Amino acid sequence: MIIALAGRRIDAPNAEIRRFPPENLELVRTRIRSFLQANPAALLISSAACGADLIALEEADAMGLQRRIVLPFHPQRFRVTSVTDRPGNWGVLYDRVVEEAQRKGELVILGCEDESAAYTAVNHAILDEAERLARAEERAESNRVNPAEKRPRESAFPRATALTMFRPRC
């Protein structure tokens, strides 16, 4: 299974609407861990913003899952705009997971210029990548034959379906 995540960032200190207050950090971590344990996967595809993205990437690492990170632009610019601009010490974790993803060839940088379209483009790229990989795995599995049954084995990855009305680009 491939898990595609578009997470929520930790709330800014002056957030009028509270969606992910810092005091819910451990609750979110527990729920993400429980989800990953209940839904065994081979790969997590996500961005790496402070909050749910980085929590999921850290939990996936602890479980030995392959991780692919999609960023809209250069990692240092993303760090400033989406990681260290909110409460918490997210920078250290971000630096570690991005460095590891880069070393393993699992860092995708879209090269967006327009910040207003960049984050939507990342979400679509995450879904596109999950669907592409699921289809590739499906094709590879269909080419393998179970010798006992003399027919193709079923894919280890269920086919991903992503329905969107448009695919914004950055």
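We did not get these values from a lab; they are worked out from the coordinates using the rules stated. Quantities reported herein were computed from a predicted structural model and do not represent experimental measurements. Cβ placement follows ideal geometry from the backbone for every residue including glycine, while neighbour counts extend to all protein chains displayed.
Note that region 5-12 has calculated 3J(HN,Hα) couplings of 10, 10, x, 9, 7, 4, 4, 5 Hz, one per residue in order, obtained from phi through the Karplus relation 6.51 cos²θ - 1.76 cosθ + 1.60 (θ = phi - 60°); glycine and proline are x. Take 21-32, 68-79, 130-141, 47-58 and order them by the average number of nearby Cβ atoms within 10 Å per residue, most first; the result is 47-58, 68-79, 130-141, 21-32.
Note that region 74-80 has calculated 3J(HN,Hα) couplings of 3, x, 5, 5, 4, 4, 6 Hz, one per residue in order, obtained from phi through the Karplus relation 6.51 cos²θ - 1.76 cosθ + 1.60 (θ = phi - 60°); glycine and proline are x.
Model label points for Asp114 and Arg31, set 7 angstrom from Cα along the Cα-to-Cβ axis, are 3.3 nm apart. More than 20 angstrom separation, counting every C-alpha pair in region 1-94; what % is that? Taking all Cα-Cα pairs of region 1-94, the fraction more than 20 Å apart is 34 percent.
For Glu131 and Arg77, calculate 0.36 nm times their separation in residues minus their Cα-Cα distance, and state this gained length in nm to one decimal. Write out the running numbers ahead of the final one.
Working: separation 54, 0.36 × 54 = 19.44 nm, distance 2.74 nm.
Length gained between Glu131 and Arg77: 16.7 nm.
For Cys50, the residues whose amide H sits under 5 Å from its own are Val83, ignoring neighbours fewer than 5 places away on the same chain, with H placed 1.01 Å from N.
Taking 0.36 nm per residue of separation and subtracting the Cα-Cα distance, what length does fully extending Lys104 through Ala12 add? Can you show the working numbers first?
Values: separation 92, 0.36 × 92 = 33.12 nm, distance 3.20 nm.
Taking Lys104 through Ala12 to full extension adds about 29.9 nm, to one decimal.
Listed by Cβ neighbour count within 10 Å, with the fewest neighbours leading, Val97, Val80 appear as Val80, Val97. Remark on Leu110: its backbone amide H falls under 5 Å from those of Leu71, Phe73, a criterion applied only to residues 5 or more positions apart or on other chains, H modelled at 1.01 Å from N. Here region 35-134 is described by how far its Cα atoms reach on the three principal axes: 36, 31, 24 Å, from widest to narrowest.
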